[in-house]
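> Dumping the structure here so I can ask a few things about it.
The values are calculated or read from the model by the stated rules, or taken from the named source; none is laboratory data. Values in this document were obtained by computation on a predicted structure and should not be read as measured data. Neighbour counts run over all protein chains shown; Cβ positions are idealised from the backbone, glycine included. These accessible areas exclude ligands, DNA and RNA; they are computed on the full protein's heavy atoms, side chains included. Shrake-Rupley method; radii C 1.70, N 1.55, O 1.52, S 1.80 Å.
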Amino acid sequence: MRTSLLAAMTAASFAAVAAPPLPGLPASQPALSGAPAKAAPGAPRTIRWDELVPKDWDPLKEFKDLDLAGLADGDPRANKLLQRMREVWDAAPANPAIVGQAVRLPGFVVPLEETKQGLKEFLLVPYFGACIHSPPPPANQIVHVLAHAPVAFKSMDTVWVSGTLATVRTDSFMGAASYRIDGAAVERYTEKAR
């Protein structure tokens, strides 16, 4: 078997910044057109996932010269490389230009803490299967969400999350996050942004 796990990690690292996070979002939508969306005073600004990544950070910088085709999944060199890739991606830097802003971001739910009243804590990820069916994306593509009130969403449901973006590192069994939104408003995802 060739480097399927290595290929999966490489694809996962760029999936979030290379494509819109949710299918069906029109390319002409202001939040996805490249220009920052304007928000009404006091309202959160709808952002894109790529705005969470510092412009000068490259998740594959130190791996560009590697020949992955020559490694099989069971190869000890592949395992060492995977471990190093995880270390680099788990330490992915936050974008200081966006920290402290009131934002609104669409994504997929990865549950962390659920009570009888509903989901209180989860990771928000940019693409389906992240952290569950594939390796976690870089930490700057994961937002740790502490909901204002428990919500009735399940794993991989699509939601809009609104709140103030902070750089609080979270290490969980599902992945590392560079960001947190505490007291977040969470609503079912719709294609049309506010």
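> When the residues of the range 159-181 are filtered to those that are open to solvent by 40 Å² or more (accessible area, probe 1.4 Å) and outside any loop (DSSP other than H, G, I, E, B), which remaining residue is farthest from Phe122 (Cα to Cα)?
Checked the range 159-181; the qualifying residue farthest from Phe122 (Cα to Cα) is Thr164.
> Same structure again: Could you tell me which of the residues Ala12, Ala69 is at pLDDT below 90, in a helix (DSSP H, G or I) and closer than 21 Å to Arg169 by Cα?
Working: Ala69 fails: closer than 21 Å to Arg169 by Cα.
That would be Ala12, the only listed residue that is at pLDDT below 90, in a helix (DSSP H, G or I) and closer than 21 Å to Arg169 by Cα.
> Would you be able to tell me the number of residues in the range 128-156 that are in contact (Cβ under 8 Å) with a residue 40 or more places away in the chain, open to solvent by less than 30 Å² (accessible area, probe 1.4 Å) and not in a strand (DSSP E or B)? Working first, answer last.
Within the range 128-156, the first condition is being in contact (Cβ under 8 Å) with a residue 40 or more places away in the chain, and the residues that meet it are 130-132, 134-141, 143, 145, 153-156.
Next cut, open to solvent by less than 30 Å² (accessible area, probe 1.4 Å) only: 130-131, 135-141, 143, 145, 153, 156.
Next cut, not in a strand (DSSP E or B) only: 131, 135-141, 153, 156.
Of the residues in that region, 10 qualify.
> For the range 83-97, indicate whether the set of residues that are under 23 Å from Thr158 (Cα atoms), open to solvent by 70 Å² or more (accessible area, probe 1.4 Å) and of a type in the set (S, T, N, Q) is non-empty.
no
> Can I ask one more? Just give me the residues in the range 46-65 being exposed (fewer than 14 other Cβ atoms within 10 Å of the Cβ) and over 30 Å from Trp160 (Cβ atoms), in sequence order.
Lys61, Glu62, Lys64, Asp65
> In addition: Here is a list of conditions, (1) among the small types (Gly, Ala, Ser); (2) part of a strand (DSSP E or B); (3) in contact (Cβ under 8 Å) with a residue 40 or more places away in the chain; (4) open to solvent by 10 Å² or more (accessible area, probe 1.4 Å), and Gly100 meets all of them except one; can you say which number that is?
So the condition that Gly100 fails would be (2).
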